[in-house]
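The values are calculated or read from the model by the stated rules, or taken from the named source; none is laboratory data. Computed from a predicted structure; not experimentally measured. Heads up, the Cβs are rebuilt from the backbone with ideal geometry, glycines too, and the neighbour counts pull from every protein chain shown. Quick note on the areas: whole protein, heavy atoms, side chains included, nothing else; ligands and nucleic acids left out. Shrake-Rupley method; radii C 1.70, N 1.55, O 1.52, S 1.80 Å.
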Amino acid sequence: MQQQKRIAIIGAGPSGMAALRAFAAAELQGDTNPEIICYEKQDDWGGQWNFSWRTGTDHYGEPVHSSMYRNLWSNGPKEALEFAEYTFDDHFGRPISSYPPREVLWDYINGRAMQSGVKDRVRFAHAVRWVEYSEETEKFTLIVDNLRSKETKRETFDEVIVSTGHFAFPNVPNFTGMESFPGEVIHAHEFRGAERLEDKRVLLIGGSYSAEDIGVQAHKMGAAQVTMSYRSQPQGFAWPEGMEEVPEIVGFDGRVATFVDGQTREFDTVILCTGYLHHYPFLSRDMHIDSPNNLYPEGLYRGVVWQKNPKLYYLGAQDQWFTFNMFDAQAWYVRDLILGRAELPNATDRAAHAQAWHERFMAADTGEAQVQFQADYIRDLIEATDYPMFDLDEVVRTFLSWKADKQENILTYRDRVYPSVITGTMAARHHTAWLAEFDDSIERYLELPQPQAAV
């Protein structure tokens with residue numbers, strides 16, 4: 001009798017949850033799944049969406065994974081990330097706004113996973129320390145610490161899915177004179193809320209989404225001045241009074257920062273919005289992605305299969321316009337490879353396929369082209385599986401409308417609404433404008449507007 005395959009999933013964030021859900025869906029169709037064990041170092045699933053006040057190390061002494069902070073609301077429309085087979089209508093039973101806060105999105109992804117009954121396959125508070133591959137046995141050995149019992153085990157698997165994400169290990173550059181700055185210096189990974197920035201002069205080093213969102217949060221919470229320093233090009237929004245963009249920083253002299261155009265400013269707080277690095281301390285270099293954060297990391301066939309060892313898979317390793325639904329498309333394809341539903345091409349054909357897609361990626365030199373590239377990438381994966389196809393071109397149009405809304409007003413774009421691409425349901429307007437809403441709890445968010453008293 002053929003021995004049952006054993007599959008390890010490392011990480012139970014949205015990508016790992018998508019993998020578990022994919023196998024559950026196959027089981028409902030009558031497939032016999034391999035033995036699946038998912039290792040998650042946190043006490044619950046959700047990955048980045050698990051808010052913690054902690055920074056640095058957690059209560060087990062492990063590096064804190066999440067970069068979430070208080071009052072983080074989605075910075076992209078929920079209609080662009082909706083699961084094709086578990087909609088917001090399915091979960092909430094009524095329309096909600098297009099830009100929910102963190103706790104609401106966590107509730108959504110948790111609801112789908114709980115409905116699938118897959119939580120018993122996750123070993124929480126288990127940290128994978130090392131992954132070895134034997135050419136002789138063609139199997140992986142994982143060395144895993146149980147953080148609660150403090151026991152270490154070695155377990156053997158046939159294939160491994162890495163779904164730990166790549167927005168948890170901060171890129172922290174050095175700046176001349178940084179040691180002389182007397183105020184607080186943190187990376188966006190350690191940022192936990194903008195309330196403490198009230199009346200502060202804040203410098204955000206970086207010109208992308210972290211700087212944009214933390215900047216408007218700081219402005220909303222009463223920062224005296226918000227300055228964003230960009231290296232390549234400004235974000236170019238019509239910033240309100242009290243927010244500005246300046247070119248690359250040269251260095252510090254105490255509280256004074258000097259920029260390449262000769263301007264100087266004094267600051268009380270510096271937040272490094274300088275991005276994240278691919279970091280897989282449990283993998284040797286021959287299994288480790290070594291790529292900038294981009295839409296098509298090198299070394300991966302179809303963005304998920306490690307070319308050097310096709311028994312190793314990555315989910316969610318790309319830079320992301322799409323998120324949850326892209327993780328689903330990837331998870332369904334990886335599942336089908338593992339179950340033998342899909343055939344893996346030989347190494348030469350895989351390399352040619354990856355090269356062709358890499359060239360397409362390199363030619364996508366505008367934001368619009370990059371959104372379309374990722375939509376086409378997801379379409380390619382879905383067409384290879386039984387994951388429900390949805391109107392990816394309409395999602396692209398939603399993204400482009402979102403970009404236009406931000407250009408129109410960076411402080412009010414979260415008040416706009418869009419229809420669901422899956423159900424057609426028009427999102428509801430939140431009962432309070434984002435700029436005036438200071439309670440991001442799910443209870444507050446789901447409150448219905450109070451009827452007006454008769455005059």
Complete set of residues in segment 192-213 that are open to solvent by less than 20 Å² (accessible area, probe 1.4 Å) and in contact with a strand residue (DSSP E or B) (Cβ under 6 Å, 6 or more places away or on another chain) | Val202, Leu203, Leu204, Ile205, Ala211
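Any idea which of Val162, Val128 is out of contact with any helix residue (DSSP H, G or I) (no Cβ under 7 Å at 6 or more places or on another chain) and open to solvent by less than 10 Å² (accessible area, probe 1.4 Å)? Walk me through how you get there before you give the answer.
On the way: Val128 fails: open to solvent by less than 10 Å² (accessible area, probe 1.4 Å).
Result of the check over Val162, Val128: Val162.
Taking the condition assigned to a loop (DSSP other than H, G, I, E, B), surrounded by 14 or more Cβ atoms within 10 Å (Cβ to Cβ) and of a type in the set (S, T, N, Q), does Thr385 pass?
Yes.
One line per residue, one yes/no per condition, for (1) surrounded by fewer than 16 Cβ atoms within 10 Å (Cβ to Cβ); (2) out of contact with any Phe, Trp or Tyr (no Cβ under 9 Å at 6 or more places or on another chain); (3) in a helix (DSSP H, G or I):
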| position | (1), (2), (3) |
| --- | --- |
| Asp286 | yes, no, yes |
| Ile289 | no, no, no |
| Asn294 | yes, no, no |
| Pro297 | no, no, no |
| Gly303 | no, no, no |
| Asn309 | no, no, no |
| Tyr313 | no, no, no |
| Gly316 | no, no, no |
| Asn325 | no, no, yes |
Boolean, Gly111 is at positive phi and surrounded by fewer than 22 Cβ atoms within 10 Å (Cβ to Cβ) | no
Residue count, segment 220-279 (criterion: part of a loop (DSSP other than H, G, I, E, B), of a type in the set (Asp, Glu) and touching a Ser or Thr at 6+ places or on another chain (Cβ under 7 Å)) = 1
Applying the selection to segment 17-42, what residues are more than 19 Å from the chain's Cα centre (by Cα) and either of a type in the set (Lys, Arg) or assigned to a loop (DSSP other than H, G, I, E, B) (or both)?
-> Gln29, Gly30, Asp31, Thr32, Asn33, Pro34
Scan (1) in a helix (DSSP H, G or I); (2) touching a helix residue (DSSP H, G or I) at 6+ places or on another chain (Cβ under 8 Å); (3) polar (S, T, N, Q) for the single condition Gln320 breaks and write down its number.
-> (1)
Among residues belonging to segment 327-340 that are out of contact with any Phe, Trp or Tyr (no Cβ under 9 Å at 6 or more places or on another chain) and in contact (Cβ under 8 Å) with a residue 40 or more places away in the chain, point out the one that is surrounded by the most Cβ atoms within 10 Å (Cβ to Cβ).
-> Phe327
Return only the number of the condition from (1) in contact with a Pro (Cβ under 9 Å, 6 or more places away or on another chain); (2) free of Cβ contacts under 8 Å to residues at least 60 places away in the same chain; (3) among the polar types (S, T, N, Q); (4) open to solvent by less than 40 Å² (accessible area, probe 1.4 Å) that Ser52 does not satisfy.
-> (1)
Scan segment 401-413 and give yes if some residue there is open to solvent by less than 20 Å² (accessible area, probe 1.4 Å), hydroxyl-bearing (Ser, Thr, Tyr) and either assigned to a helix (DSSP H, G or I) or within 24 Å of Tyr86 (Cβ to Cβ) (or both), otherwise no.
-> yes
Identify, by number, the condition in (1) open to solvent by 40 Å² or more (accessible area, probe 1.4 Å); (2) closer than 30 Å to Phe267 by Cβ; (3) touching a helix residue (DSSP H, G or I) at 6+ places or on another chain (Cβ under 7 Å) that Asn174 doesn't meet.
-> (3)
For Glu136, work out the one condition from (1) under 30 Å from Thr269 (Cβ atoms); (2) open to solvent by 50 Å² or more (accessible area, probe 1.4 Å); (3) modelled with pLDDT of 95 or more it doesn't fulfil.
-> (1)
